[in-house]
1. How many Å² of accessible area per residue for the chain, probe 1.4 Å?
2. At 1.4 Å probe size, with the rest of the protein present, what percent of the exposed accessible area of the chain is carbon and sulfur atoms?
3. If we sort 428-439, 752-763 on the protection proxy, mean other Cβ atoms within 10 Å, highest first, what's the order?
4. Kindly point out which whole DSSP H helices in the chain project their C-alpha atoms 18 angstrom or further along the helix axis while averaging a Kyte-Doolittle hydropathy of 0.0 or above.
5. What is the gain in length, in nm to one decimal, between ALA246 and LYS30 on full extension, counting 0.36 nm per residue of separation less the C-alpha to C-alpha distance?
6. Take every DSSP beta bridge whose two residues both sit in the chain, then give the antiparallel share in percent to the nearest 5.
7. In nm, to one decimal, how far is the ASN511 label point from the LYS778 one, both placed 7 Å along Cα→Cβ?
8. May I ask you to compute the full-extension gain from PHE274 to ILE870, defined as 0.36 nm times their residue separation minus their alpha-carbon distance, rounded to one decimal in nm?
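The values are calculated or read from the model by the stated rules, or taken from the named source; none is laboratory data. Just so you know, these numbers come straight off a predicted model, no measurement behind them. Because the Cβ atoms are built from the backbone with ideal geometry, glycine has one as well, and the counts that use them run over all protein chains shown. In case anyone asks, the SASA skips ligands and DNA or RNA and just uses the protein heavy atoms, side chains included. Shrake-Rupley method; radii C 1.70, N 1.55, O 1.52, S 1.80 Å.
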Amino acid sequence: MTSWHSITKEEALRELDSALTGLSKKEAAKRQKKYGFNVLEAKKKTPLFLRFISQFKDFMILTLIFAALVSFFVSFLHGELDLVEPAIILSIITLNAVLGVLQESKAEKSLEALQKMSAPSALVMRDNLLESIDAKELVPGDIIYLETGHFVPADARLLTSVNLKIDEASLTGESHPIEKDAEAILKDNILPAERINMIVATGIVTYGRGTAVVTATGMHTEVGHIARMIMDDETPMTPLQKRLAATGKALGIAALIICVIIFLVGILKNRPIFEMFMTSVSLAVAAIPEGLPAIVTIMLSLGVQRMAKKNAVIRKLPAVETLGSATVICSDKTGTLTQNKMTVTEICSCKGKEEPEGNTGKFLLTLSSLCNDAILQITGKSKHQKVSATGEPTENALILAAFQIGLNKSQLDLQFPRIYEIPFDSSRKQMTTIHKLPNGGYRQITKGAFDILLSECTNAYRGGKETPITHVLREQLTRLNESMTAKALRVIAVAYKDYPAESSYISRLKNKTLKDGINDAEQGLTMAGLIGMIDPPRPEVKDAVLTCQMAGITPVMITGDHVSTACAIAKELGILTKDNSNDLSYSSLRAAEIDLKASARYTSPSSNQAMTGAELSQISQEDLVERIKNYRVFARVSPEHKVRIVKALQARGEVVAMTGDGVNDAPALKAADIGCAMGISGTDVAKNAADMILTDDNFATIVAAVKEGRGIYDNIKKAVHFLLSCNIGEILTIFVAILFGLPSPLLAVQLLWVNLVTDSLPAISLGVDPPDKDIMKKKPLPPDKGMFADGLTFKIITEGILIGSLALLAFIIGIRFFDNNTLPSDVIRDSKTVELAALSTPYVGRTMAFAVLSLSQLFHSFNMRSEHSITKIGLFSNIKLVLSFLVCSFLQVIVISVKPLANIFKVVPLTPAQWSIVLVLSFLPIVVVELQKTSRKK
Ligand code: ATP
């Protein structure tokens, strides 16, 4: 095996049969066939059979199996072997397990698909063109480009390295990033951690950039060798799922206790043991909300899929719930609120506005093209020539503006080769490069934020000569900058510094003996001028901002840009309103209180609405917590400030969504309640730290996700409301009947049928209910207020009582008026005999109770849809629920009317008169709840 670290990079290229221009697409495809995909083999999946078995591990299901077995043995001991009842219980449980496995696989698949969507990509040179591909498609010999924030996608030998530092902690455990050097040639037998000319898959570029040739992919990489899994593929339960699982368990245990009590009471009252046992089993079946956990999982996974279609990829399931409670959305400006399509619109020398074609214009664009990492890509010929730039939008704009006046960056790079650089970083807000001049001397170029550069400049380039920056000139330059930022322009200041050929500073830089070149280099500069570029707001954001405000969510802009640029855009988008200072709390913003025209009347940003990073650094965290409520814009902030902002908002009880893209945004993304990483411009590190990825980098997507989150929460609430009120109805039916000495109105199999078949479909259909029209006009859901607050428990209990009473009423009507008619005529002589006979075989009563229980619940499902009347939201706005209703009603009628099925369920076909009673009773929940809704509205 080749020791890639002990040979030169040229040898490595030769060995891998590759070149700096990259592999051809054909060759890459050939190699992919040979080496396979660049992925680690996933953990072996649990076989289907074992997954099926694990469905039976549930405590509730085990209770049911136990009940089925006991019922089998007891009937056997009684000499009347009844196989039907246990068989039905077992088959319904089995059906439930099959559905469980299917749901699990479906949820797993959708999560896998999501993981694919958030899989890392790699910047690779193929056919001499730089392109971004799925990291999975890399092959040995590929030339990859690495920038700060990238994951290292495969093992590779470095070809170039510029201040490259890589964090390899996940592989080596070394906590500090390692400085890499492409030029080094190392001894053969050194440890992987010491191979500074190599990079390994799973590393993270924390600083600088470089290029490398891939030496190993997939399972052949270092990580592959130790077969360590990088992805944490476990999906933990969300808080809501945990809470509901606990509720389900509590209900189950309570039911078991009631069962025991009823059983004992029955025995004391000398009721037959077998009958009492079966009644207790029925009660347990009735009380256990078997479908609940599965339904919540289905709803979350369906919701996550819907969100992915709307460009919001959820990485951590609990985020779906938190989204519904968001009260503040802190958003980056560039690319999220704006289009990130920068175009140079204004060029100013230190005297004032200039034409790009003029001397100063050319000078500024040359400097800013050299101090620039974007790559100019020219495809096609003459008339069909297409020019584009690959790089950071700010830098793309600069080289494209230069190209328009005939300055080609690639040629400039050859003319003035770069010998040193200090990359841009959003904390320093500037970037420096040093170039060799044709006359043998050197020129340093620094470009960056105006206010920062101004403090580093001692001279200004005016009218062809350098003049010292006096107080007056400083004022003039500041005003010039302000005139540009007030037009919402991003301003890049450009400065330079020349060194003679024999400069000792430069030779120390070149020999790498200067450890800390940064501090010295960016001082004593000459300001060359300012370049202004426009980045128009995204058209859809204005509406999204308004929607946010109506929904009681406060949008806050956080940007590295100048405060005036930030305020100008914030004003255009409605983030800055006329007077936010009266607002005592973010969450207190109510739809009705929002003056929609306020943004239009807005005059100028007042100091209490925008805060700069410098001010932020000066105040204590306590002060920030106190004052933060007044601010809507944070400008010239560094990523480190974002954590303070998140913490201050959280200290005020806000639920914060925060966007981020860079490596140093990761702590803020982690600290926020919902960290949102940018899918397009975001680094792998940011994506890894986030709860949600915005695949279109768009603010409006966060708002859409909040709407979905609220909708999903609402729908889960509807399903829980529905299932629990039905379960309580079932418990009451049996409990009350036993208390009054009646036989059990419903048998275990009947209850299982209702719970697992006719209840589940409507509950699932409620999960896809379209969100209420006014869902974004309500306040955010308070996170600490559980689902059962706001009178839900009361509703569940009263509606449960209603359903229970109706089923019981049907049972009593059945026994009283119909069951005696089924008896042979010679028995119907004295009323006492009739009553006793009817009680021992209450066929019609049970059938009617069974039908009313099932159908009233089906009707009741429509009540769940909204707090508004059904007539208002429209019967057909959830067609799935209508279909579920029809299918389940049909099944219910079949089970009762088709003889063999009726025998299994121990029911008898009903007469038209009996059906009419059943229908009237079943429809009552709609009437009662509609009346309740109307009275509540009044
Ligand atoms: P936002 O936080 O709204 O997304 P941003 O992250 O784009 O803004 P930064 O990238 O931190 O903000 O930019 C801050 C300032 O740094 C800009 O106002 C600009 O003056 C300067 N700047 C941005 N990009 C570059 C660059 N490539 N080279 C030099 N200076 C830059």
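1. That works out to 44 Å² per residue.
2. Values: 25330 of 41650 Å².
Whole-percent figure for carbon plus sulfur exposure: 61.
3. On the way: 428-439: 17.9, 752-763: 24.2.
Order by mean packing, descending: 752-763, 428-439.
4. Details: long enough: 59-77 (27 Å, 2.62); 84-117 (49 Å, 0.62); 239-268 (43 Å, 1.77); 273-287 (21 Å, 1.71); 292-309 (26 Å, 1.16); 471-485 (21 Å, -0.73); 639-651 (19 Å, -0.29); 699-739 (59 Å, 1.02); 792-813 (31 Å, 2.04); 843-863 (30 Å, 0.68); 879-897 (27 Å, 2.31); 912-937 (38 Å, 0.76).
Span-like helices, by this rule, are 59-77, 84-117, 239-268, 273-287, 292-309, 699-739, 792-813, 843-863, 879-897, 912-937.
5. Going from the current span to full extension adds 72.3 nm.
6. On the way: 75 of 99 bridges.
Of all bridge pairs located within the chain, approximately 75 percent are antiparallel.
7. Placing both labels 7 Å beyond Cα along the Cβ direction yields 7.3 nm.
8. Values: separation 596, 0.36 × 596 = 214.56 nm, distance 4.52 nm.
Stretched out fully, the PHE274 to ILE870 stretch lengthens by 210.0 nm.
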